[in-house]
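Report on the following structure.
The values are calculated or read from the model by the stated rules, or taken from the named source; none is laboratory data. Note that this is a predicted model, so its numbers are computed, not measured. Cβ placement follows ideal geometry from the backbone for every residue including glycine, while neighbour counts extend to all protein chains displayed.
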Amino acid sequence: MDKNQVAIVLTKDELFSLWSMCGDSSSYWYNHYERACNIEDYYLDRNAIKSMLERIEYISDKINAVYQAVKERDLKEEETAAV
């Protein structure tokens, strides 16, 4: 493993919470971005907010991939158990 990489162990409930928090964070910062685009002297810099949104999207995509994989695994396990 690369020294810059870390791993964490989450329960499915914790994974869902993290997935949900990523969406909430994206929405929060998008609202600031819209304000920064529409209010000339907004207290947050539009470019900084845009960078934050891009970073959130990058991390959120990773979390979403894990979340979807867990959902698929659970569905397959349910189907196998039903047979």
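Worth a mention:
- Any chance Ile49 is surrounded by 10 or more Cβ atoms within 10 Å (Cβ to Cβ), in contact with a Ser or Thr (Cβ under 6 Å, 6 or more places away or on another chain) and either among the β-branched types (Val, Ile, Thr) or modelled with pLDDT of 95 or more (or both): no
- Within the stretch 40-62, the set of residues being closer than 13 Å to Ser26 by Cα and not polar (S, T, N, Q) comprises Ile49, Lys50, Met52, Leu53, Glu54, Arg55, Ile56, Glu57, Tyr58, Ile59, Asp61.
- Residues of the stretch 1-37 classified as in a loop (DSSP other than H, G, I, E, B) and of a type in the set (A, V, I, L, M), total: 6
- For the stretch 23-46, filtered to residues that are touching a residue at least 12 places away in the same chain (Cβ under 8 Å) and among the small types (Gly, Ala, Ser), the residue that is surrounded by the most Cβ atoms within 10 Å (Cβ to Cβ) is Ala36.
- Boolean, Ser20 is within 16 Å of the chain's Cα centre (by Cα), within 26 Å of Asp74 (Cα to Cα), of a type outside the set (Lys, Arg) and surrounded by 14 or more Cβ atoms within 10 Å (Cβ to Cβ): no
- Residue ID - nearest to Thr11 (Cα to Cα), chosen from residues in the stretch 38-83 that are of a type outside the set (A, V, I, L, M) and not in a helix (DSSP H, G or I): Asp45
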